[in-house]
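**Student:** I have a structure I would like to understand better, so I am pasting it below and will then ask my questions one at a time.
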Amino acid sequence: MIRTVNEGYLTLICADLDAMPLFSTNAQGERFGYEPEVAQMLAQQLGLKLKWLFTRWSEFETVLLANKADAIWCGCAITQGRKERLLFSRPYAAFDESVLVRDDSQVAKPADLKGLKVAAIAGSTNMTLAEAWLGCLPIAFSGQSDDVFVDMVNALSNSDVDAVVDDEPAFGALLKDPRYKLAFTINTANLWGGAMLKHQSQLKQALDLALNHLIDTGLLADIWRRHLEGIAYPSHGLNT
């Protein structure tokens, strides 16, 4: 059996946020959404039980380095900078990035953000994108609170910021709220993977083999379509 930090369990780090259709947690600690269902299928493939370690966004890597979990499984984009510090599984998702604004906003493209305050999580690919839009005022949210996503949306609602950048599906539930709308989406197709410590090559190999099975059998595509209606399954991107 694969060596894990808790014998018999695959322990994954994630934030205890409501970001459906990506993930959410009920009062009993049960998890729902795309990422939890994929994780559950992987654990079954590996013959392990699944355990979640809820952590503030800003502390993901600290907790992983402390050997308290096997991997980060929470919207972790595979970037060159992170690959220098962490070992990634093959991708299980690829998402574009969107901008959420208030319903009365006239923003429709990046140039319209000139002089406006744009919120994103510090150190994220979303913040990198915001910083590339010349003339806007990026506002970094540290992720040290219990729910950084709600913090950003509340700031938008209170007019403390003018826009929020995040991965496209994160705004799914909010689009039913008449106070908000999507201004535009940028085709970044950021790949997401499970992030592990550099020495965990055995775990990476096991996760990759399990993901290969989900992709090759169409099970991953089924999970995607069940949770991410309206977002095309990135078959080409996940085969890289």
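Rule-based calculations on the coordinates, nothing more; no lab input. As the structure is a computational prediction, the values presented were derived from the model and not from experiment. Positions of Cβ are backbone-derived with ideal geometry, glycine not excepted, and every protein chain shown enters the neighbour counts.
**Student:** Return the inverse of the average 1/r over all pairs of distinct C-alpha atoms in region 142-240, which is the Kirkwood hydrodynamic radius, in Å to one decimal.
**Tutor:** 16.5
**Student:** Continuing with this model, one more query. Give the relative contact order (percent, whole number) for region 95-189; include only Cα pairs under 8 Å separated by 6+ residues.
**Tutor:** For region 95-189, the relative contact order is 48 percent.
**Student:** Another question, if that's okay. Taking amide hydrogens as modeled 1.01 Å from N in the peptide plane, which residues meet the under 5 Å criterion relative to R90, leaving out close sequence neighbours?
**Tutor:** So R90 has HN proximity to D208.
**Student:** I would also like to ask the following. With +1 on each Lys and Arg Cβ and -1 on each Asp and Glu Cβ, and nothing else charged, work out how big the dipole of the chain is about its Cα centre, in Debye to the nearest 20.
**Tutor:** In total the dipole reaches around 560 debye.
**Student:** Looking at region 57-86, which GluC sites (Glu not before Pro) are DSSP coil and have at most 14 other C-beta atoms within 10 Å of their C-beta?
**Tutor:** Loop-located and lightly packed - E84.
**Student:** Can I ask one more? Over the chain, what is the relative contact order in percent, taking alpha-carbon pairs closer than 8 angstrom and at least six residues apart?
**Tutor:** Averaging sequence separation for qualifying contacts and normalising by length gives 29 percent for the chain.
**Student:** May I pose another question? How high is the FRET efficiency between M20 and K109 when r is their beta carbon distance and R₀ equals 30 Å, given to the nearest 0.05?
**Tutor:** Once the sixth-power term is evaluated, E becomes 0.65.
**Student:** Take region 95-189, compute every pairwise Cα distance, and split them into 10 Å bins from 0; I just need the percent in each bin.
**Tutor:** Final binned percentages: 18, 57, 24, 0.
**Student:** Whole-Hz Karplus ³J(HN,Hα) for region 20-29, in order, using 6.51 cos²θ - 1.76 cosθ + 1.60 and θ = phi - 60°, x for Gly and Pro?
**Tutor:** Karplus-based 3J(HN,Hα) across region 20-29 equals 5, x, 6, 6, 7, 9, 8, 5, 8, x Hz.
**Student:** Which distance in Å, rounded to a whole number, links the C-alpha centroids of region 168-233 and region 30-107?
**Tutor:** Cα centres, region 168-233 to region 30-107: 9 Å.
**Student:** Can you list residues from other chains, or at least 5 along the same chain, whose modelled amide H is less than 5 Å from the amide H of A15?
**Tutor:** Counting only residues 5 or more places away or on other chains, the set is T55.
**Student:** Under a 5 Å amide H to amide H cut-off, with H placed in plane at 1.01 Å, what residues pair with V161 once short-range neighbours are removed?
**Tutor:** L156
**Student:** Express as a percent, rounded to the nearest 5, the fraction of DSSP beta bridges in the chain (both residues included) that run antiparallel.
**Tutor:** 55
**Student:** Residue-wise, which Karplus ³J(HN,Hα) couplings in Hz belong to region 185-197, taking 6.51 cos²θ - 1.76 cosθ + 1.60, θ = phi - 60°, and x for glycine or proline?
**Tutor:** For region 185-197, the Karplus curve yields 10, 9, 7, 9, 6, 5, 7, 10, x, x, 9, 10, 6 Hz.
**Student:** Taking a cut-off of 28 Å between Cα atoms, list the lysines near K181, but don't count ones fewer than 8 places away on the same chain.
**Tutor:** Output for K181: K109, K114, K117.
**Student:** At 0.36 nm per residue, and after removing the present C-alpha to C-alpha distance, how many nm does the segment from Q44 to E229 gain when stretched out fully?
**Tutor:** Net length gain for the segment: 64.1 nm.
**Student:** Considering just Cα atoms, how many Å³ per residue does the convex hull of region 1-115 enclose?
**Tutor:** Each residue corresponds to 153 Å³ of Cα convex hull volume.
**Student:** Under a cut-off of 14 Å between alpha-carbon atoms, report the aspartates and glutamates in cross-link reach of K49, not counting same-chain residues fewer than 8 places apart.
**Tutor:** E7, E30, E37, D70
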